[in-house]
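The values are calculated or read from the model by the stated rules, or taken from the named source; none is laboratory data. Since we're looking at a predicted model, the values are computed, not measured. Every residue, glycine as well, gets a Cβ built from its backbone with ideal geometry; the counts of neighbours run over all protein chains shown. Side chains are part of the model used for accessible areas, which takes the heavy atoms of the whole protein and leaves out ligands, DNA and RNA. Shrake-Rupley method; radii C 1.70, N 1.55, O 1.52, S 1.80 Å.
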Amino acid sequence: MKQPKSAKSKSTKRKIVSAAAVLLAAVQMSATASAAVPVFGQLSLTNLVATSLMSDYSRTVAPGLVETRFTYTNLNCKINECFMLEYDPSAGQIGITVGTPGDTTYAGGYHAATVRAQAAAAMARGKPVVAAINGDMFNMTTNQPWGVVVKDGVELQGAVSSRAYRWNFFGIKKDGTPVIASNADYPQMKSELQNAIGLYDTLLVKDGNVVAQKDADQRTFSPRLGVGLRADGTVFFIMVDGRQSQYSTGATLKEFAQLMKDMGAVQAGNLDAGGSATLLSRNYGSSTLLLRNKPSDGRERPVPNSLLFVTKSRSM
């Protein structure tokens, strides 16, 4: 029996609605899956950050330390090359120490050296460094870091710089617990800290929520470096290369904050980047640190401090 035209129309509409509902459910399931907290090489970016995401590699640098390189296309259709280092402090396989020029204090004045040179100085003193990144922002005239600096349980700089009163910090307590806190917390916490380094005054993620950034920081696409703490206790660092249009554009702080949250951060802060951004790591079983990213200066910039990843494995 031939259906009336109106009946056909209603049937077609029902099919369209049904198909749309199935598609919407699939999208929602996909979004839920992509929002799962990534652990050790797993990636997760929402459509608030990326239109595409690809992992170039994920590998073990040393027992307990994983390095991942990934590429994403941002909402402006620009490509970003990124590097992530992550470890679980509770596993006791990796430690973090603050690197300085000559592996010494600032007693003789503030000075700068490349991250590579700082790692080499630490290794010359018996520290088995397997990866390294640059540290806090600093005054490029005097080489003074903006934030506090605690190195191997010794305070090298307290809240004395012109910006320290509003700077945050990332630290590792003497019991191995990682923390991100404000300088208001520092006086009460400093006796507990084994290593600590300054973070930009506005956090990226606080208590699981993306923090609103200053207007200027929402418009500037630059190389970025951040540290994030996950609810499960793992620590991760992400570096986004930038200022190289044919290779990697860089991110705004707003974009970068969302990226850190997507990767699982419940707390996250911003380290120095720009031309300072440097990430070095070993190949497994090797003793040579290799430059993984492409600094926007075209070379490794001298900086006043760094973060060094030290293996506790006797086999390395």
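Here are the numbers:
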{"item": "Which listed residue, of 133, 79, 180, 96, is open to solvent by 20 Å² or more (accessible area, probe 1.4 Å), closer than 30 Å to residue 46 by Cβ, of a type outside the set (Asp, Glu) and in contact with a Leu (Cβ under 7 Å, 6 or more places away or on another chain)", "result": "180"}
{"item": "Identity of the residue in region 203-220, touching a helix residue (DSSP H, G or I) at 6+ places or on another chain (Cβ under 9 Å) and modelled with pLDDT of 95 or more, that ends up nearest to residue 292 (Cα to Cα)", "result": "204"}
{"item": "Pick from region 58-75, criterion open to solvent by 40 Å² or more (accessible area, probe 1.4 Å) and in contact (Cβ under 8 Å) with a residue 24 or more places away in the chain, ranking: nearest to residue 222 (Cα to Cα)", "result": "75"}
{"item": "The lone exception for residue 194 - which of (1) at pLDDT 95 or above; (2) open to solvent by 30 Å² or more (accessible area, probe 1.4 Å); (3) under 24 Å from residue 267 (Cα atoms); (4) outside any strand (DSSP E or B) it fails", "result": "(4)"}
{"item": "Hits in region 94-125 (condition: within 30 Å of residue 72 (Cα to Cα) and of a type outside the set (A, V, I, L, M, F, W, C))", "result": "95, 114, 116"}
{"item": "Subset of region 154-177 (residues that are open to solvent by less than 50 Å² (accessible area, probe 1.4 Å) and out of contact with any helix residue (DSSP H, G or I) (no Cβ under 6 Å at 6 or more places or on another chain))", "result": "156, 157, 158, 161, 164, 167, 168, 169, 170, 171, 172"}
{"item": "Region 25-52: number of residues that are modelled with pLDDT of 95 or more, open to solvent by 70 Å² or more (accessible area, probe 1.4 Å) and either touching a Leu at 6+ places or on another chain (Cβ under 7 Å) or more than 29 Å from residue 218 (Cα to Cα) (or both)", "result": "1"}
{"item": "Residue count for region 230-271, restricted to those that are in contact with a strand residue (DSSP E or B) (Cβ under 7 Å, 6 or more places away or on another chain) and open to solvent by 20 Å² or more (accessible area, probe 1.4 Å)", "result": "9"}
{"item": "Any hit, region 274-281, residues being over 20 Å from residue 114 (Cβ atoms), of a type in the set (Ser, Thr, Tyr) and modelled with pLDDT of 95 or more", "result": "no"}
{"item": "Unmet criterion (only one of (1) in contact with a His (Cβ under 6 Å, 6 or more places away or on another chain); (2) open to solvent by 70 Å² or more (accessible area, probe 1.4 Å)) for residue 188", "result": "(1)"}
{"item": "Cβ pairs under 8 Å, 6+ apart, first in region 218-242 and under 15 Å from residue 78 (Cα atoms) and part of a loop (DSSP other than H, G, I, E, B), second at pLDDT below 95 and of a type in the set (Asp, Glu)", "result": "none"}
{"item": "Odd one out for residue 245, checked against (1) farther than 21 Å from residue 95 by Cα; (2) modelled with pLDDT of 95 or more", "result": "(2)"}
{"item": "Test: residue in region 92-101 that is within 23 Å of the chain's Cα centre (by Cα), part of a helix (DSSP H, G or I) and touching a residue at least 24 places away in the same chain (Cβ under 8 Å)", "result": "yes"}
{"item": "Scope region 191-222; condition more than 17 Å from the chain's Cα centre (by Cα) and among the basic types (Lys, Arg); matching residues", "result": "214, 219"}
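Results for (1) farther than 23 Å from residue 293 by Cβ; (2) acidic (Asp, Glu), shown as yes or no for each residue.
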{"residue": "143", "(1), (2)": "no, no"}
{"residue": "152", "(1), (2)": "yes, yes"}
{"residue": "155", "(1), (2)": "yes, yes"}
{"residue": "163", "(1), (2)": "yes, no"}
{"residue": "174", "(1), (2)": "yes, no"}
